[in-house]
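Novice: What follows is a structure written as structure tokens; I'll ask about it next.
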Amino acid sequence: RIYDSRPFESYDRLLDRADELIKELSPLEQLEVVNAHPRIGEKAKNLSALSRMEQGTRSANEDAVLAKWAELNKKYEDTYGFRFVVFVNGRSKDSLFPIVEQRIAHGDRNQELVTGLSEMVDIARDRARKLIAASSAASPAPKI
């Protein structure tokens, strides 16, 4: 679907279109999108290089933090039927505990799905900005 919308003037336009299209997906397709996102606290071998960087380095109490994430991920998935997604944005894994606990507690499955999808677009926007900033190309960005 997004392919048919090409070309895009910029990554922002591409992600704007992705944000629009994600809302048009069937509920099953939306679940597939959210469940494609890695769990916070997953083993590094299961993460992309960008996910590893975003989730930070190991802390002194990493084993305890990862055990708590395994517990919270299970509780969230048991509650909603899909993976927890949050834009980590360089925050430590343990600093996110209150966020997942609050989101488990509110119990609104539809809102959680919308939030998870929105967070995924925010993650993609941040990654695109970082990749563009890291590029040293002096020429204008090509249409995508």
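The values are calculated or read from the model by the stated rules, or taken from the named source; none is laboratory data. All values reported here derive from a predicted model rather than from experimental measurement. When the accessible area is computed, the model is the full protein with side chains, heavy atoms only, and any ligands, DNA or RNA have been set aside. Shrake-Rupley method; radii C 1.70, N 1.55, O 1.52, S 1.80 Å.
Novice: Tell me the volume per residue, in Å³, of the convex hull enclosing the alpha carbons of the stretch 1-44.
Specialist: Roughly 103 Å³ of hull volume per residue.
Novice: Per residue, how much accessible surface does the stretch 1-47 expose to a 1.4 Å probe? Answer in Å², no decimals.
Specialist: Values: 3220 Å² over 47 residues.
Computed with neighbouring chains in place, this is 69 Å² per residue.
Novice: Could you tell me the relative contact order of the stretch 71-133? Use alpha-carbon pairs under 8 Å, at least six residues apart, and round to a whole percent.
Specialist: Computed value for the stretch 71-133: 38 percent relative contact order.
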